[in-house]
Amino acid sequence: MGLSSSRHMTLKESQSILGPDYAATAEGWRRIVPPSKTTMDLKTFQRYVVGSYETMPPPIAGCIFNGFSSSGRGDLDFQDFVGGVAVLTRGNHEQRARLLFNIYDTRNVGYLDKDRLGRFLSVVYDDKIRENPGAMRMLAKLYSGVARHGELDVDEFVARVVFDGRNLVTKWIQLVAAAFLERPHPHVSALESFYNPSLDVQSLARQYDARPEQVMVLGQRFHAMVRGVEGRAAKTFSESQWTAVASKWVPEDLSQRIFESGADTPQRGWTVCDFTYNLMLFVRGSAKFRMQFVFSVFDLDQDGRLSEAEIEQMVVWMARHHEYRSYRLSREGALEVAEAAKAAAREAAALQRQNSNAADEA
(Lines give C-alpha, C1' and ligand atoms only; values in the text may rest on other atoms or scores of the structure.)
Protein backbone atom coordinates (compact mmCIF):
# COMPACT_ATOMS: atom_id res chain seq x y z
CA MET A 1 0.00 0.00 0.00
CA GLY A 2 1.13 3.61 -0.54
CA LEU A 3 4.20 4.95 -2.25
CA SER A 4 5.90 1.65 -3.03
CA SER A 5 9.64 2.38 -3.11
CA SER A 6 9.05 6.12 -2.73
CA ARG A 7 6.95 5.41 0.37
CA HIS A 8 10.26 4.66 2.09
CA MET A 9 12.21 7.41 0.34
CA THR A 10 14.99 8.80 2.51
CA LEU A 11 15.25 12.49 3.28
CA LYS A 12 18.41 12.62 1.19
CA GLU A 13 16.56 11.16 -1.81
CA SER A 14 13.69 13.63 -1.33
CA GLN A 15 16.14 16.50 -1.07
CA SER A 16 17.81 15.39 -4.28
CA ILE A 17 14.48 15.26 -6.15
CA LEU A 18 13.12 18.55 -4.80
CA GLY A 19 16.34 20.51 -5.16
CA PRO A 20 15.82 24.14 -4.06
CA ASP A 21 12.16 23.41 -3.28
CA TYR A 22 13.18 21.11 -0.42
CA ALA A 23 13.68 24.17 1.82
CA ALA A 24 10.20 25.50 0.92
CA THR A 25 8.66 22.10 1.71
CA ALA A 26 10.46 21.92 5.06
CA GLU A 27 9.33 25.48 5.82
CA GLY A 28 5.75 24.48 5.01
CA TRP A 29 5.99 21.62 7.50
CA ARG A 30 7.31 23.95 10.21
CA ARG A 31 4.46 26.37 9.61
CA ILE A 32 1.86 23.63 9.92
CA VAL A 33 3.21 21.35 12.64
CA PRO A 34 3.99 22.80 16.10
CA PRO A 35 7.55 22.24 17.36
CA SER A 36 6.20 20.00 20.13
CA LYS A 37 4.87 17.46 17.58
CA THR A 38 6.64 15.10 15.23
CA THR A 39 3.65 14.06 13.11
CA MET A 40 0.75 15.62 11.24
CA ASP A 41 -2.79 14.26 11.63
CA LEU A 42 -5.51 14.06 8.98
CA LYS A 43 -7.38 17.14 10.27
CA THR A 44 -4.28 19.30 9.94
CA PHE A 45 -3.55 17.89 6.47
CA GLN A 46 -7.10 18.63 5.30
CA ARG A 47 -7.09 22.17 6.67
CA TYR A 48 -3.64 23.43 5.75
CA VAL A 49 -2.27 21.23 2.97
CA VAL A 50 -5.29 20.78 0.68
CA GLY A 51 -7.56 23.34 2.38
CA SER A 52 -7.08 25.93 -0.35
CA TYR A 53 -9.23 23.73 -2.62
CA GLU A 54 -12.77 24.30 -1.38
CA THR A 55 -14.11 21.67 -3.76
CA MET A 56 -11.78 19.02 -2.36
CA PRO A 57 -14.06 16.54 -0.53
CA PRO A 58 -12.65 15.36 2.83
CA PRO A 59 -12.67 11.69 1.75
CA ILE A 60 -10.41 12.55 -1.20
CA ALA A 61 -8.07 14.50 1.07
CA GLY A 62 -8.03 11.40 3.27
CA CYS A 63 -7.02 9.26 0.30
CA ILE A 64 -4.07 11.56 -0.46
CA PHE A 65 -3.11 11.53 3.21
CA ASN A 66 -3.17 7.72 3.29
CA GLY A 67 -1.12 7.63 0.08
CA PHE A 68 1.57 9.68 1.81
CA SER A 69 1.54 7.81 5.13
CA SER A 70 3.90 4.90 5.71
CA SER A 71 2.76 4.08 9.24
CA GLY A 72 -0.88 3.20 8.63
CA ARG A 73 -1.60 4.74 12.05
CA GLY A 74 -3.38 7.83 10.74
CA ASP A 75 -0.44 10.23 10.85
CA LEU A 76 2.39 11.57 8.71
CA ASP A 77 5.93 12.16 9.86
CA PHE A 78 8.26 14.64 8.17
CA GLN A 79 9.87 11.98 5.98
CA ASP A 80 6.45 10.80 4.72
CA PHE A 81 5.39 14.36 3.97
CA VAL A 82 8.54 15.39 2.15
CA GLY A 83 8.64 12.10 0.25
CA GLY A 84 5.03 12.48 -0.89
CA VAL A 85 5.55 16.07 -2.01
CA ALA A 86 8.76 15.07 -3.80
CA VAL A 87 7.03 12.33 -5.74
CA LEU A 88 3.97 14.39 -6.69
CA THR A 89 5.85 17.51 -7.71
CA ARG A 90 9.21 16.28 -9.02
CA GLY A 91 8.97 12.50 -9.27
CA ASN A 92 9.39 10.65 -12.53
CA HIS A 93 6.40 9.23 -14.39
CA GLU A 94 6.48 5.84 -12.70
CA GLN A 95 6.81 7.27 -9.19
CA ARG A 96 3.89 9.66 -9.66
CA ALA A 97 1.73 7.03 -11.34
CA ARG A 98 2.34 4.49 -8.56
CA LEU A 99 1.46 7.04 -5.89
CA LEU A 100 -1.70 8.05 -7.75
CA PHE A 101 -2.64 4.37 -8.16
CA ASN A 102 -2.40 3.91 -4.39
CA ILE A 103 -4.52 7.02 -3.80
CA TYR A 104 -7.20 5.57 -6.08
CA ASP A 105 -6.89 2.05 -4.63
CA THR A 106 -8.90 2.91 -1.51
CA ARG A 107 -9.62 -0.75 -0.73
CA ASN A 108 -5.96 -1.84 -1.10
CA VAL A 109 -6.92 -4.67 -3.47
CA GLY A 110 -4.14 -4.08 -6.02
CA TYR A 111 -6.35 -3.08 -8.94
CA LEU A 112 -8.66 -0.24 -9.96
CA ASP A 113 -12.23 -1.09 -10.85
CA LYS A 114 -13.50 1.06 -13.73
CA ASP A 115 -16.83 1.93 -12.07
CA ARG A 116 -15.16 2.78 -8.75
CA LEU A 117 -12.57 4.99 -10.49
CA GLY A 118 -15.41 6.74 -12.32
CA ARG A 119 -17.19 7.39 -9.02
CA PHE A 120 -13.94 8.64 -7.47
CA LEU A 121 -13.46 11.13 -10.32
CA SER A 122 -17.11 12.17 -10.06
CA VAL A 123 -16.48 13.14 -6.45
CA VAL A 124 -13.31 15.05 -7.38
CA TYR A 125 -14.97 16.96 -10.22
CA ASP A 126 -18.36 17.34 -8.51
CA ASP A 127 -20.19 14.98 -10.93
CA LYS A 128 -19.23 17.10 -13.95
CA ILE A 129 -17.25 14.20 -15.42
CA ARG A 130 -20.43 12.22 -16.08
CA GLU A 131 -21.73 15.11 -18.21
CA ASN A 132 -18.53 15.22 -20.28
CA PRO A 133 -18.52 12.78 -23.24
CA GLY A 134 -14.80 13.37 -23.77
CA ALA A 135 -14.08 12.40 -20.19
CA MET A 136 -16.06 9.20 -20.52
CA ARG A 137 -14.20 8.32 -23.75
CA MET A 138 -10.92 8.97 -21.96
CA LEU A 139 -11.94 6.59 -19.16
CA ALA A 140 -13.01 3.94 -21.69
CA LYS A 141 -9.67 4.27 -23.51
CA LEU A 142 -7.78 3.83 -20.23
CA TYR A 143 -9.47 0.43 -19.74
CA SER A 144 -9.40 -0.67 -23.37
CA GLY A 145 -7.73 -4.04 -23.89
CA VAL A 146 -6.78 -4.69 -20.26
CA ALA A 147 -6.01 -8.23 -19.15
CA ARG A 148 -9.06 -8.38 -16.86
CA HIS A 149 -12.18 -6.61 -18.11
CA GLY A 150 -12.91 -3.43 -16.17
CA GLU A 151 -9.85 -3.76 -13.94
CA LEU A 152 -6.42 -2.06 -14.07
CA ASP A 153 -3.47 -3.37 -12.10
CA VAL A 154 -0.64 -1.07 -11.09
CA ASP A 155 1.66 -1.93 -14.02
CA GLU A 156 -1.15 -1.37 -16.55
CA PHE A 157 -2.01 1.94 -14.87
CA VAL A 158 1.62 3.11 -14.95
CA ALA A 159 1.91 2.20 -18.63
CA ARG A 160 -1.35 3.91 -19.70
CA VAL A 161 -1.83 7.01 -17.54
CA VAL A 162 -0.66 10.41 -18.84
CA PHE A 163 0.46 13.47 -16.84
CA ASP A 164 -0.11 16.19 -19.44
CA GLY A 165 -2.21 18.69 -17.49
CA ARG A 166 -5.32 17.77 -19.51
CA ASN A 167 -6.07 14.15 -18.63
CA LEU A 168 -8.75 14.21 -15.93
CA VAL A 169 -7.35 11.11 -14.22
CA THR A 170 -4.18 13.04 -13.36
CA LYS A 171 -5.06 16.74 -13.77
CA TRP A 172 -6.56 17.26 -10.32
CA ILE A 173 -3.60 15.74 -8.47
CA GLN A 174 -1.18 17.89 -10.51
CA LEU A 175 -3.08 21.01 -9.38
CA VAL A 176 -2.94 19.88 -5.76
CA ALA A 177 0.76 19.09 -6.08
CA ALA A 178 1.52 22.59 -7.40
CA ALA A 179 0.01 24.11 -4.23
CA PHE A 180 2.38 22.14 -1.98
CA LEU A 181 5.29 24.38 -2.99
CA GLU A 182 3.50 27.74 -2.66
CA ARG A 183 5.46 30.25 -0.60
CA PRO A 184 3.63 32.01 2.22
CA HIS A 185 2.36 35.51 1.64
CA PRO A 186 4.74 38.22 2.97
CA HIS A 187 2.05 39.35 5.43
CA VAL A 188 2.34 35.98 7.15
CA SER A 189 6.06 36.28 7.66
CA ALA A 190 5.59 39.79 9.03
CA LEU A 191 3.46 38.39 11.87
CA GLU A 192 5.93 35.70 12.91
CA SER A 193 7.03 37.77 15.91
CA PHE A 194 3.59 37.10 17.41
CA TYR A 195 3.09 33.41 16.64
CA ASN A 196 4.32 30.43 14.68
CA PRO A 197 1.92 30.83 11.76
CA SER A 198 0.30 28.36 9.48
CA LEU A 199 -2.06 31.11 8.34
CA ASP A 200 -1.65 31.58 4.60
CA VAL A 201 -3.36 34.82 3.64
CA GLN A 202 -3.43 34.12 -0.09
CA SER A 203 -4.71 30.59 0.41
CA LEU A 204 -7.58 31.72 2.67
CA ALA A 205 -8.44 34.58 0.35
CA ARG A 206 -8.60 32.22 -2.62
CA GLN A 207 -10.58 29.59 -0.70
CA TYR A 208 -13.28 32.02 0.45
CA ASP A 209 -13.28 34.37 -2.56
CA ALA A 210 -12.07 37.24 -0.40
CA ARG A 211 -9.40 39.90 -0.73
CA PRO A 212 -6.11 39.37 1.14
CA GLU A 213 -6.76 42.63 3.02
CA GLN A 214 -9.97 41.14 4.47
CA VAL A 215 -8.04 38.17 5.80
CA MET A 216 -5.40 40.46 7.26
CA VAL A 217 -8.06 42.57 9.01
CA LEU A 218 -9.20 39.46 10.89
CA GLY A 219 -5.61 38.82 11.96
CA GLN A 220 -5.34 42.39 13.19
CA ARG A 221 -8.63 42.10 15.10
CA PHE A 222 -7.39 38.90 16.71
CA HIS A 223 -4.30 40.63 18.08
CA ALA A 224 -6.39 43.60 19.25
CA MET A 225 -8.81 41.30 21.11
CA VAL A 226 -6.16 39.16 22.81
CA ARG A 227 -4.14 42.18 23.90
CA GLY A 228 -6.60 42.61 26.80
CA VAL A 229 -7.67 45.60 28.83
CA GLU A 230 -4.24 45.87 30.47
CA GLY A 231 -2.47 45.89 27.14
CA ARG A 232 -0.67 42.58 27.66
CA ALA A 233 -0.36 40.52 24.49
CA ALA A 234 -1.66 36.95 24.58
CA LYS A 235 -1.08 34.20 22.04
CA THR A 236 -4.60 32.74 21.94
CA PHE A 237 -8.26 33.74 22.00
CA SER A 238 -9.74 32.10 25.10
CA GLU A 239 -12.98 30.21 25.53
CA SER A 240 -14.27 32.87 27.93
CA GLN A 241 -13.67 35.56 25.31
CA TRP A 242 -15.51 33.50 22.71
CA THR A 243 -18.40 32.78 25.09
CA ALA A 244 -18.76 36.48 25.88
CA VAL A 245 -19.31 37.12 22.16
CA ALA A 246 -21.31 34.02 21.21
CA SER A 247 -23.55 33.75 24.27
CA LYS A 248 -25.71 36.55 22.89
CA TRP A 249 -27.14 34.03 20.42
CA VAL A 250 -26.03 30.55 21.54
CA PRO A 251 -26.50 28.78 24.92
CA GLU A 252 -23.25 28.57 26.84
CA ASP A 253 -22.71 24.79 26.65
CA LEU A 254 -23.28 24.77 22.87
CA SER A 255 -21.02 27.81 22.56
CA GLN A 256 -18.27 25.89 24.38
CA ARG A 257 -18.68 22.91 22.03
CA ILE A 258 -18.39 25.17 18.96
CA PHE A 259 -15.22 26.65 20.44
CA GLU A 260 -13.73 23.18 21.01
CA SER A 261 -14.52 22.13 17.42
CA GLY A 262 -12.85 25.21 16.04
CA ALA A 263 -9.54 24.78 17.86
CA ASP A 264 -6.67 22.40 17.14
CA THR A 265 -5.84 22.50 20.87
CA PRO A 266 -8.96 23.71 22.77
CA GLN A 267 -7.12 23.83 26.10
CA ARG A 268 -4.80 26.51 24.74
CA GLY A 269 -7.53 28.44 22.93
CA TRP A 270 -7.84 29.69 19.35
CA THR A 271 -4.63 30.73 17.66
CA VAL A 272 -4.74 33.51 15.09
CA CYS A 273 -4.99 30.75 12.48
CA ASP A 274 -8.00 29.15 14.21
CA PHE A 275 -9.64 32.55 14.70
CA THR A 276 -9.22 33.68 11.10
CA TYR A 277 -10.03 30.31 9.54
CA ASN A 278 -13.20 29.86 11.61
CA LEU A 279 -14.58 33.35 11.05
CA MET A 280 -13.95 33.09 7.31
CA LEU A 281 -15.69 29.72 7.35
CA PHE A 282 -18.68 30.98 9.37
CA VAL A 283 -19.22 34.08 7.23
CA ARG A 284 -18.00 33.18 3.74
CA GLY A 285 -17.77 29.40 3.71
CA SER A 286 -19.91 27.36 1.34
CA ALA A 287 -22.97 25.56 2.70
CA LYS A 288 -21.08 22.30 2.27
CA PHE A 289 -18.10 23.42 4.39
CA ARG A 290 -20.31 24.93 7.06
CA MET A 291 -22.31 21.71 7.29
CA GLN A 292 -19.06 19.78 7.70
CA PHE A 293 -18.16 22.03 10.62
CA VAL A 294 -21.63 21.59 12.16
CA PHE A 295 -21.18 17.84 11.83
CA SER A 296 -17.88 18.05 13.74
CA VAL A 297 -19.62 20.04 16.50
CA PHE A 298 -22.12 17.25 17.14
CA ASP A 299 -19.72 14.36 16.49
CA LEU A 300 -18.74 14.34 20.16
CA ASP A 301 -16.43 11.32 20.03
CA GLN A 302 -14.95 12.39 16.64
CA ASP A 303 -15.43 8.96 15.07
CA GLY A 304 -16.76 10.33 11.78
CA ARG A 305 -20.40 9.36 12.36
CA LEU A 306 -23.31 10.50 14.49
CA SER A 307 -24.61 7.92 16.94
CA GLU A 308 -28.21 7.88 18.15
CA ALA A 309 -27.13 9.54 21.41
CA GLU A 310 -25.26 12.27 19.50
CA ILE A 311 -28.29 12.93 17.30
CA GLU A 312 -30.48 13.19 20.41
CA GLN A 313 -28.00 15.66 21.91
CA MET A 314 -27.97 17.62 18.64
CA VAL A 315 -31.79 17.88 18.65
CA VAL A 316 -31.78 19.01 22.29
CA TRP A 317 -29.08 21.61 21.65
CA MET A 318 -30.76 22.96 18.51
CA ALA A 319 -34.14 23.19 20.24
CA ARG A 320 -32.56 25.07 23.13
CA HIS A 321 -30.69 27.28 20.71
CA HIS A 322 -33.89 28.31 18.91
CA GLU A 323 -35.71 28.93 22.19
CA TYR A 324 -32.76 30.94 23.46
CA ARG A 325 -32.48 32.96 20.24
CA SER A 326 -36.22 33.67 20.18
CA TYR A 327 -36.03 34.85 23.78
CA ARG A 328 -33.08 37.12 23.06
CA LEU A 329 -34.75 38.53 19.96
CA SER A 330 -38.08 39.11 21.70
CA ARG A 331 -36.35 40.60 24.76
CA GLU A 332 -34.17 42.92 22.71
CA GLY A 333 -37.12 43.78 20.47
CA ALA A 334 -39.19 44.69 23.50
CA LEU A 335 -36.37 46.82 24.86
CA GLU A 336 -36.04 48.62 21.54
CA VAL A 337 -39.80 49.29 21.42
CA ALA A 338 -39.70 50.59 25.01
CA GLU A 339 -36.76 52.87 24.22
CA ALA A 340 -38.51 54.14 21.09
CA ALA A 341 -41.66 54.82 23.11
CA LYS A 342 -39.67 56.77 25.72
CA ALA A 343 -37.95 58.78 22.99
CA ALA A 344 -41.30 59.58 21.35
CA ALA A 345 -42.72 60.64 24.73
CA ARG A 346 -39.75 62.94 25.32
CA GLU A 347 -40.14 64.51 21.88
CA ALA A 348 -43.89 65.00 22.45
CA ALA A 349 -43.27 66.62 25.84
CA ALA A 350 -40.65 68.94 24.34
CA LEU A 351 -43.02 69.91 21.54
CA GLN A 352 -45.80 70.55 24.05
CA ARG A 353 -43.53 72.81 26.11
CA GLN A 354 -42.49 74.65 22.97
CA ASN A 355 -46.15 75.24 21.98
CA SER A 356 -47.03 76.33 25.52
CA ASN A 357 -44.20 78.84 25.57
CA ALA A 358 -45.26 80.19 22.19
CA ALA A 359 -48.86 80.63 23.46
CA ASP A 360 -47.67 82.48 26.57
CA GLU A 361 -45.61 84.89 24.45
CA ALA A 362 -48.61 85.57 22.21
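The values are calculated or read from the model by the stated rules, or taken from the named source; none is laboratory data. Everything quoted here is computed from the prediction, not taken from an experiment. All Cβ positions, glycine included, derive from the backbone under ideal geometry; neighbour counts span all protein chains shown. For the accessible areas, the whole protein counts, side chains as well, though only heavy atoms, and no ligand, DNA or RNA atoms are used. Shrake-Rupley method; radii C 1.70, N 1.55, O 1.52, S 1.80 Å.
A few notes on this one:
- Packing-based ranking, highest mean first, of 213-219, 34-40, 23-29 given that Cβ atoms within 10 Å are counted: 213-219, 23-29, 34-40
- Solvent-accessible surface (1.4 angstrom probe) belonging to H322, in square angstrom, nearest 10: 110
- Karplus 3J(HN,Hα) series, Hz, for region 141-148 with 6.51 cos²θ - 1.76 cosθ + 1.60 (x for Gly, Pro): 5, 4, 9, 5, x, 6, 4, 10
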